[in-house]
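Beneath this line is the structure, given in structure tokens, with notes to follow.
Coordinate-derived values only; no laboratory data. Note that the structure is a prediction, hence the values are computed from the model and not measured. Positions of Cβ are backbone-derived with ideal geometry, glycine not excepted, and every protein chain shown enters the neighbour counts.
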Amino acid sequence: MTDTVEIAVTINGRVHRLTVPPRRVLADVLREDLQLLGCKIGCDQAVCGACTVLVDGMPVTACTTFAFELDGRAVTTIEGLAAGGILDPVQRAFLEHSAFQCGFCTPGMILSVKALLARHPEPDERLIRQWLNANICRCTGYQMIVEAVRTTARMGSG
Amino acid sequence: MDGVASPFRTPVVALDGPDKVTGAARYTFDVSVPGMLHAKVLRSPYPHAGILSIDTVRAEALPGVVAAVTGADAARLPDPYYGVAIRDQPVVAIDKVRYVGDVVAAVAAIDEETAYRALALIDVQYEKLPAVMTIEAALADGAPVLFDTPVAGEPVKLGGGLISLKEPRPNVLCEFGYTHGDADAVLARSDHIFEDCFHFSRINHFHLEPHVNIARVTGELIELWSCNQDPFVLRSDIARIFGRPANNIRIHASYVGGGFGGKSFCKMEPLVVLLAMKAGRPVRLCLSLDESLLTLTKHAGILVLKTGVTKDGRLTARKSEIQLDGGAYSDASALTVVKTGYRITGPYRWDAVATRAYAVRTNTVPAGSFRGFGGTQASFASESQIDMIARRLGIDPYDFRCKNLLALGEPFRLGDSGIDSDLAKGLDEVVERLGYRQRARSSAQGHKARGMGLGIGIKDGGGTGNHAQALVKLLPSGRAIVSAAAVEIGQGATTTLSRIAAETLNLPLDWVRYGAIDTDSTPLDNGTHASCGTVVTGIAVMRAAADSRAQVLEFAAERLGCTAAELALDNWTVRRGNFAHPLEPMIAEHYGGAGFEFIGRGMVKVPNDPKAPLTAPALFWMPNWVGAEVEVDRETGKVQVVHLVVGADSGRSVNAVACRGQVEGAALQAFGQSLFEELRYDGVAPSNATPLTYRVPLAGDLPHCYEVVRPRAGRPRPVRLGNPARHPGHASRIQGYLTSNSMPGYVRTTPQDYPQ
């Protein structure tokens, strides 16, 4: 077994050449190596969704994704969403609807919604709720989050 | 969502919002200190056992391991025990373990992986002891006892005539007693007496940010970066445990990633300090979510209520016997028992009341504060029985409640403050939204049956005789820093407290920043709990802002050669008649250099009253109303909430959107517990203490129709706020008891309370 793996991964638009142990997970690379602390780890076993990031546009749980799997792929974290300081429409909708409380689940939730709207620009209520099943929020009761998703979808700018 | 109009003029903007939607928000989870080690904890596999020996030699020899601590290290501390009022939980198990998950040893190493590996090298010899896993088993004759000798601490202080006992019997941690009138005599005269027993389940807080602490010990100074909700309570605990003066303890708080009571009071913090001392380096301990499930729960309980009613449906007397499962250690059981016992009467009028409530020790995860602090347990049993009695007497549960509800202004109990919300009006609004009167309360179609149910809860808000201090610093530019110890846990304290200061100072909200919390410089409070953030801390902030404003006006009056009374402050400009004088140049001219800060101080102490049962009347009441329509599949047993209406009277909200968020979030927690959420014990260990198997509500569980109302049920009243209570309604005919909850971060106020 090799001790380390060389990978080239695009993170928030910038290519990083990294040397990682095979067991190292994406969440640790983001948080510890790159100081992208917006990726939160809640359950550490792909249940709560707090660590959700986008890999080639698809939501994945960074806590259970090996870094070596990302060679040649593009990762978007919450830090990469607001281009040039302009908030993404999903971020704006979360702000406007107060779709957060403690905020620990929020980065993962926003990225998850981003992926939803990319695939389904006009999700119905059922689909929104189903999709959000992947992200636990213990504070809000989800209603304001669902409203934020509806608003973004209506604006057609997910 | 229209409550009473806000007293404030400026629109509310969540000040923590931009940080939270961009990932910039920093939690204790994100804190890193140079040179820090990482710790992991070895936990007991047995519910009850003596520790014969612990050998950490092999663990300590593992490369990368810096220190290991065991009960032997804890035993050498000046006071190794913690807990609220009654202190029986050791920093690390000393001689004995009392539940599966109890802390037996801890290791600090260069990384978490090494610390984990080291745990496997620790050799512990146990002598297994018989365990008591349930309340019944713990109270049985000859049951094994968790503690052989009395533990440290005192019973909770209560008003005259009430009973508060510490360790009155084996395996009983504490006892609460309240009587008013002669309940036996009144029951004997009642037309009907109903006795019912209710079992309340055990749940976990499941805050997504785990318990996480970083400790650094430098000379005499102990520093902690803690996710704790109560920085100053923690400071006292650490000072006592380590025998250091409190000015040598420094607690830093950050954003808290959810708590719900799970991060109230002392938890892992002293263990991390102990490790840092032994290692001679900073140490971070971040529990896993699995471990959080083994750290604290909400009290399970058995509640027996004996309630008398006249034949025309008037409640007469209630006798209650309440046993809460406190688990292995005290934590906040002593307080929870008081609140459950006191709130068991619900928002109703009684001729006589007799209540006994106990916390029972069992070999299970310790139980402590959880959103509403005993209120849910009480409301669940009380409201369930109200429904059952109504049904037995053939009275509509709505009518039955209305007939017995306390009126506006009527004291909750003799010596306590009057109910400050129109409870019947609030119930009416929920009933209206639900369509309770328009349709049959129950119906069936094929194998699916529907039913509607109502519930009311009430909680004394703001803590008992609570107090807080605050500072407002006004910079030369007119920008302000609000300094108070209410931590931002998602309730909106940052925004709410800043808004109070901004309004008092006539400044734009975004000119105010909520300062970092550091016990070295932040003024003290009693902790971020008991729904006190807006009303208690809020008043302190308001007074601090008013004090700083008075200083500014004094300064300007002196410069302008007039009296302060002639001046008004508006957007950092002083107005005198038709003339406006900008403050910034005036300050620059007089002080030069870096300018000057006007530092206002404010404090509040809710007066004690020896006649009040809990030593001080409730500062305000937090009523909740719930209405639910539920569908049950009689073939599969599947329960679906079709329509859920929850209401709470938040008075005049300082932060209305935060109020709505609190109601919705709290109600969904109660919804989960009503329908499926439970930390289950099958045998000696919880059978589902993992994130995957411990099932919390998901977005897909939301009721089809979920409405929140904030009825205009109150009357103008002094500044108050609310925090979370959880109080149940009961959806007819199902096991589901929908528990509404309530809200941190709202203020009720009359405009005259605010400086104009």
(request) Provide B:95, B:325 in ascending order of the number of other Cβ atoms located within 10 Å of each residue's Cβ, fewest first. (result) B:95, B:325
(request) Any chance you could list the semi-axes, whole Å, largest first, of the equivalent ellipsoid that the Cα gyration tensor gives for the stretch B:486-568, using √(5λ)? (result) 29, 13, 11
(message) Given the -39500 (n - 2.57) contribution per DSSP H run of 4+ residues, what per-residue ellipticity at 222 nm results for chain A, rounded to the nearest 500 deg cm²/dmol?
(response) -8000 deg cm²/dmol
(request) Against the globular-protein guess of 2.2 N^0.38 Å, express the Cα radius of gyration of the stretch B:466-605 as a ratio, rounded to two decimals. (result) 1.07
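Could you list the trypsin sites (Lys or Arg not before Pro) in the stretch A:114-145 that lie in coil according to DSSP, counting only those with at most 10 other Cβ atoms within 10 Å of their Cβ?
none
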(message) Relative contact order of the stretch B:33-136, please, whole-number percent, based on alpha carbon pairs below 8 angstrom and at least 6 residues apart.
(response) 47 percent
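Where does chain B land on the Kirkwood hydrodynamic radius, alpha-carbon pairs, in angstrom?
27.0 Å
Within the stretch B:60-139, report the trypsin sites (Lys or Arg not before Pro) that DSSP leaves as loop and that have at most 13 other Cβ atoms within 10 Å. Write down the numbers at each step before the final one.
Values: sites: B:76, B:87, B:96, B:98, B:117, B:128; in loops: B:76, B:98.
Passing sites in the stretch B:60-139 are B:76.
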(message) Which three extents, in angstrom, do the Cα atoms of the stretch A:4-130 have along their principal axes, listed largest first?
(response) 44, 32, 27
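When B:460, B:123 are ordered from fewest to most other Cβ atoms inside 10 Å of their Cβ, what list results?
B:123, B:460
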(request) Mind putting together the pair-distance distribution for the stretch A:5-80? All Cα pairs, 10 Å bins, whole percent per bin, short to long. (result) 22, 61, 17
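Kirkwood Rh, Cα Rg: Rg to Rh for the protein assembly as shown? Write out the running numbers ahead of the final one.
Numbers: Rg = 27.6 Å, Rh = 28.5 Å.
With Rh from the inverse mean 1/r over Cα pairs, Rg/Rh is 0.97.
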(message) What's the magnitude of the charge dipole for chain B around its Cα centre, counting Lys and Arg as +1 and Asp and Glu as -1 at the beta-carbon? Answer in Debye, nearest 20.
(response) 1080 debye
(message) For a quick check: with amide H placed at 1.01 Å from N, whose amide H comes under 5 Å from residue B:316's, ignoring anything fewer than 5 positions away on the same chain?
(response) B:308, B:309, B:310
(message) Explain nothing, just the number: relative contact order of the stretch B:377-510, from Cα pairs under 8 Å at least 6 residues apart, as a whole percent.
(response) 12 percent
(message) Using amide H atoms built in the peptide plane, which far-off residues or other-chain residues are under 5 Å from residue B:618 H to H?
(response) B:417
(request) Go through the stretch B:385-394 residue by residue and turn each phi into a ³J(HN,Hα) via Karplus (6.51, -1.76, 1.60, θ = phi - 60°); whole Hz please, and just put x for glycine and proline. (result) 5, 4, 5, 5, 5, 4, 5, 5, 8, x
(request) Taking H placed 1.01 Å from N in the peptide plane, check which residues at least 5 places from residue B:37 or on another chain put their amide H under 5 Å from its amide H. (result) B:283, B:284
(request) Write out the GluC sites (Glu not before Pro) in the stretch B:194-269 meeting two conditions: DSSP loop, and at most 11 other Cβ atoms within 10 Å of their Cβ. (result) B:220
(request) Wrap a convex hull around the Cα atoms of the stretch B:318-422, take a quarter of its surface area, and give that in square nanometres. (result) 7.4 nm²
(request) Take B:339, A:40, B:425 and order them by how many other Cβ atoms sit within 10 Å, fewest up front. (result) B:425, B:339, A:40
